[in-house]
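**Q** A single structure is presented below for examination.
Values quoted throughout were computed directly from the atomic coordinates according to the rules given, and no laboratory measurement underlies them. Fair warning: this is a prediction, and the values are worked out from it, not measured in the lab. Cβ sites come from the backbone with ideal geometry, for glycine too, and all protein chains shown count toward neighbours.
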Amino acid sequence: MSKFGELIDVEIPVLLDFYTELNEDSNAMHHILRDVAAGLGDKVKVIKIDVDKNRELAEALRVKGLPTLIIYKNGEMKWRHSGKQDANTLIEIIQEFV
């Protein structure tokens, strides 16, 4: 989990996407997150976390619904949402923390 702390303890917003390959909404988010990353460039870090491979982390963060999107900045959770979001909405939300 110390690796996780290093990932989220940065000055730019970090958007985490908790997903699983078997979830339709999770798969739909792949393209949306690509658009978000392209739209914001180096102002955000987008990290996809497969819950099947990271069960301990998902349980620690109480990830229930998929996809679950969480924004951290400086190690602090700033925003959380379960379910799909569109790229424009995500970009607007992230820009609040830039």
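**Q** Using the beta-carbon distance between Thr89 and Leu57 and R0 = 30 Å, what value does 1/(1 + (r/R0)^6) give for FRET efficiency, to the nearest 0.05?
**A** Step by step, r from the Cβ atoms, then E = 0.75.
**Q** Further question: Between Trp79 and Asn23, what is the label-point separation in nm under the 7 Å Cα-to-beta-carbon projection?
**A** About 1.8 nm, to one decimal.
**Q** Still on this model: Across the chain, how many lysine pairs, 8 or more apart or on two chains, come within less than 17 Å at their alpha-carbon atoms?
**A** 13
**Q** Which GluC sites (Glu not before Pro) does the range 1-47 hold that lie in a coil by DSSP with at most 14 other beta carbons within 10 Å?
**A** Glu11, Glu21
**Q** Looking at the chain from every direction and averaging, what is the projected area of its Cα convex hull in nm²?
**A** The directionally averaged projection comes out at 5.5 nm².
**Q** Using the basic label-point model (7 angstrom from Cα toward the beta carbon), what is the His31 to Glu11 distance in nanometres?
**A** 3.6
**Q** Sticking with this one: Among DSSP bridges having both ends in the chain, what percentage is antiparallel? Round to the nearest 5.
**A** Antiparallel bridges: around 65 percent, rounded to the nearest 5.
**Q** Counting Lys and Arg as +1 and Asp and Glu as -1, what is the net charge of the other residues whose Cβ lies under 12 Å from the Cβ of Leu69?
**A** Summing Lys and Arg as +1 and Asp and Glu as -1 gives +1.
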